[in-house]
Amino acid sequence: MSLTKTIILALILRLLVAPFFYHPDLKSQHFHFQFLSHGVSNIYQYIATNKNSLPYRDTFNYLPLTYFSLGTYHALLKPLFPQNLSVWLNDWSAAQNSYDNFPFFMLILKLPYFLFDLGISFILLKLYGKKIFYLWLFNPLNLYLIYILGNFDVIPVFFTALSWYFLKSSPKYLSFLTLGIATALKLYPVLFLPFFLLYKPKSIFRNLLFFFLPPILTVLPFVGSQPFINSLTSSGLSQKILEFKIWYLPVFPAVYLLILSNFLRHRHLEKTLLHVFLAFIVFVDFHAQWLLWFLPFILTTVFKTKLRSLIFILISCLCLLYIIITDDNFLFWGHLTPVSPAFVFLRHPHEIFRYRFLTDPYLIQKYIKILLALFSFCLIFSKNEKN
């Protein structure tokens, strides 16, 4: 199949998926992004000041560059949006899921993701060839994480993948500048920084300077804002990676350091990031969209042989099972709210296990973690030869 036909087919697939799936996180994020078009520059202070009068009262838990980039999308395209999109974003009543244009809202809010998603596919094409290119475009896990969950993580993932491309092919400062942009959007690329720095350890000080430039420039105007400080220190990632402990020792940071020390011997980045990914899903109570962070880097490693492919597919299925057992209807039937608001009221797996089978869903998630650890060991120690 030609490259043009492949892209057209991938776009059609995304156009068929994006409008008909929903999670409230998408709405809450864009509820906040809309305020930039109203002239609000400090979203953190604005929410703290007007919290009691807002229809949605949660804090904005993301970095300034995320607000300004996706807020700019709102501001520029607002004249083209349907008039009742703004009404829907500000409607948090019981009727919020009954709008006739619901699928159209989903498509509009997810449109920026198409650009970054396809951008990642072309980066992978340049780095690894057509096989990984096709795997990215038609991988069901990908489609779920980007277009069903509808979170904006695909944007920092694009800049992280671009950073890896520059690290392999261009002046290294561009790699760390783009990794800094990814970090200014979401903090998770800090997990990648030590491996990128040590991959070819030259001009480390200069590379660090370029890395910190985007976060510092975008955060600096807000350092005097207490609501921003509160938002920054309540990061879900920083809390989650320290949660699981043995004898008061956080396990994931300890395993992460072991992986880093091993990386110093062989400097195989894709293989090492696969190990970080496996440690992450075993030792961290991950949110669904966090899985996307690692995918561009591990596809070439996990699909080397049929056996490794099979193990990774099983790991992916277990991760999805872990996600849908979460006590959140919008991670199962609720995704289909744009099709019909009635889906919100169906019992989701968490309730079915708890009330139909009288089984603790959290206990099932623990068993899933054990299986994830088992399959992770199988994947790490499986042979790399062609099967």
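The values are calculated or read from the model by the stated rules, or taken from the named source; none is laboratory data. These numbers come from a predicted model, not from an experiment. Here the Cβ positions follow ideal geometry from the backbone for every residue, glycine too, while neighbour counts run over all protein chains shown. Ligands, DNA and RNA are excluded from the accessible area calculation, which covers all protein heavy atoms including side chains. Shrake-Rupley method; radii C 1.70, N 1.55, O 1.52, S 1.80 Å.
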*Answer with yes or no whether Pro171 is more than 19 Å from the chain's Cα centre (by Cα) and over 22 Å from Phe303 (Cβ atoms).*
yes
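Just for helices (runs of 4 or more DSSP H) wholly inside the stretch 135-209: which have at least 3 residues that are within 30 Å of Phe102 (Cβ to Cβ) and either without any contact (Cβ under 8 Å) to a residue 12 or more places away in the chain or open to solvent by less than 10 Å² (accessible area, probe 1.4 Å) (or both)? Write out each step before concluding.
On the way: elements: 140-143, 154-169, 172-185, 193-199.
Because the criterion is at least 3 residues that are within 30 Å of Phe102 (Cβ to Cβ) and either without any contact (Cβ under 8 Å) to a residue 12 or more places away in the chain or open to solvent by less than 10 Å² (accessible area, probe 1.4 Å) (or both), the helices (runs of 4 or more DSSP H) in the stretch 135-209 that meet it are 154-169.
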_Taking the condition of being assigned to a helix (DSSP H, G or I) and touching a Phe, Trp or Tyr at 6+ places or on another chain (Cβ under 7 Å), how many residues in the stretch 213-233 meet it?_
4
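Considering only residues that are assigned to a strand (DSSP E or B) and open to solvent by 40 Å² or more (accessible area, probe 1.4 Å), look in the stretch 234-251 and name the one that is farthest from Tyr62 (Cα to Cα). Break it down stepwise before answering.
Keep residues of the stretch 234-251 that are assigned to a strand (DSSP E or B), which gives 245-246, 249-250.
Imposing the further condition that a residue be open to solvent by 40 Å² or more (accessible area, probe 1.4 Å) reduces the set to 245-246, 249.
Working: Lys245: 27, Ile246: 30, Leu249: 28 Å.
So, considering only residues that are assigned to a strand (DSSP E or B) and open to solvent by 40 Å² or more (accessible area, probe 1.4 Å), the one farthest from Tyr62 (Cα to Cα) is Ile246.
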*Taking the stretch 252-278 on its own, how many of its residues are touching a helix residue (DSSP H, G or I) at 6+ places or on another chain (Cβ under 8 Å), open to solvent by less than 60 Å² (accessible area, probe 1.4 Å) and of a type outside the set (S, T, N, Q)?*
14
*List, please: which pairs have Cβ atoms under 9 Å, are six or more places apart or on different chains, and start with a residue in the stretch 253-276 that is small (Gly, Ala, Ser) and end with one that is at pLDDT below 95 and surrounded by fewer than 19 Cβ atoms within 10 Å (Cβ to Cβ)?*
Ala254/Ile246
_Pairs needed: first member in the stretch 23-51, of a type in the set (Phe, Trp, Tyr); second member anywhere, assigned to a helix (DSSP H, G or I) and open to solvent by 20 Å² or more (accessible area, probe 1.4 Å); C-beta distance under 6 Å; at least 6 residues apart or different chains._
Tyr44/Pro227
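So which helices (runs of 4 or more DSSP H) are wholly in the stretch 279-387 and hold at least 3 residues that are open to solvent by 40 Å² or more (accessible area, probe 1.4 Å)?
Numbers: elements: 295-302, 306-324, 361-381.
Of the helices (runs of 4 or more DSSP H) lying wholly inside the stretch 279-387, those with at least 3 residues that are open to solvent by 40 Å² or more (accessible area, probe 1.4 Å) span 306-324, 361-381.
Looking at the stretch 18-71 only, could you name the residues that are charged (D, E, K, R) and open to solvent by 10 Å² or more (accessible area, probe 1.4 Å)?
Start the filter on the stretch 18-71 by keeping residues that are charged (D, E, K, R), which leaves 25, 27, 51, 57-58.
Asp25, Lys51, Arg57, Asp58, listed by residue number.
Here's the yes/no breakdown for (1) under 25 Å from the mean Cα position of the chain (by Cα); (2) β-branched (Val, Ile, Thr); (3) within 15 Å of Ala288 (Cα to Cα):
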| position | (1), (2), (3) |
| --- | --- |
| Thr300 | yes, yes, no |
| Leu320 | yes, no, yes |
| Thr326 | yes, yes, yes |
| Leu331 | yes, no, yes |
| Val339 | yes, yes, no |
| Leu379 | yes, no, no |
_Looking at the stretch 165-207 only, could you name the residues that are closer than 28 Å to Phe60 by Cα and hydrophobic (A, V, I, L, M, F, W, C)?_
Phe176, Leu177, Leu179, Ile181, Ala182, Ala184, Leu185, Leu187, Val190, Leu191, Phe192, Leu193
_Residue count, the stretch 217-229 (criterion: open to solvent by 70 Å² or more (accessible area, probe 1.4 Å) and within 22 Å of the chain's Cα centre (by Cα))_ = 0
*Regarding Tyr62, is this residue closer than 30 Å to Tyr134 by Cα, of a type in the set (Phe, Trp, Tyr), under 24 Å from the mean Cα position of the chain (by Cα) and not in a helix (DSSP H, G or I)?*
no
